[in-house]
């Protein structure tokens, strides 16, 4: 009789251990997965190699490269005139070509210097068609606060460039 109870206890212990391993594995999987999806890329100020990649793939820009591009903007970059002019010009081209992607990243990644990007949008260095960019941003659904602030910056740029918006 004692031997029969002892065998049942071993079977129960083995079954409990299997359950414990499965539950622990599932929890670990969920925690790691959650941490990976919440990890945001960090700023990479003034990174010229990102500008080269964006410039060469503007028509088929991946979300990852778009995010890397927006993370290069930093107020310390203004001391490099060539970099500032190039990144400014690219920002307007990227916003025109990928308005939804830009708005989505500005909303989701708090590491992007949104305030600095707004200041660039208010004061373009080169020639650009603010009306066209403005229209493309207006078409995007959602992102109400981010979109409103981007549109306000473009309105200021249009005033400064003496361009009428319709």
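Could you tell me how far the Cα centroid of segment 116-130 sits from the Cα centroid of segment 42-56, in Å?
Answer, in whole Å: 18.
In angstroms, what radius of gyration and Dmax does segment 60-146 have, counting Cα atoms only?
Cα only, segment 60-146: 12.3, 36 Å (Rg, Dmax).
What list do you get for 149, 110, 166, 48 if you sort them by fewest beta carbons within 10 Å? Before the final figure, lay out each step's value.
Details: 149 17, 110 9, 166 5, 48 13.
Placing the least packed residue first, the sequence is 166, 110, 48, 149.
Determine, from the Cβ-Cβ distance of residue 163 and residue 109 and an R0 of 25 Å, the FRET efficiency 1/(1 + (r/R0)^6), rounded to the nearest 0.05. Before the final figure, lay out each step's value.
Values: r = 30 Å, r/R0 = 1.20.
So the FRET efficiency works out to roughly 0.25.
Starting from the 7 Å offset along Cα-to-Cβ, what nm value, one decimal, do you get for the label separation of residue 123 and residue 78?
The answer from the label model is 0.5 nm.
Where a number appears in this text, it was derived from the coordinates with a stated rule and is not lab data. Note that this is a predicted model, so its numbers are computed, not measured. Glycine also receives a Cβ, built like all others from the backbone with ideal geometry; neighbour counts cover every protein chain displayed.
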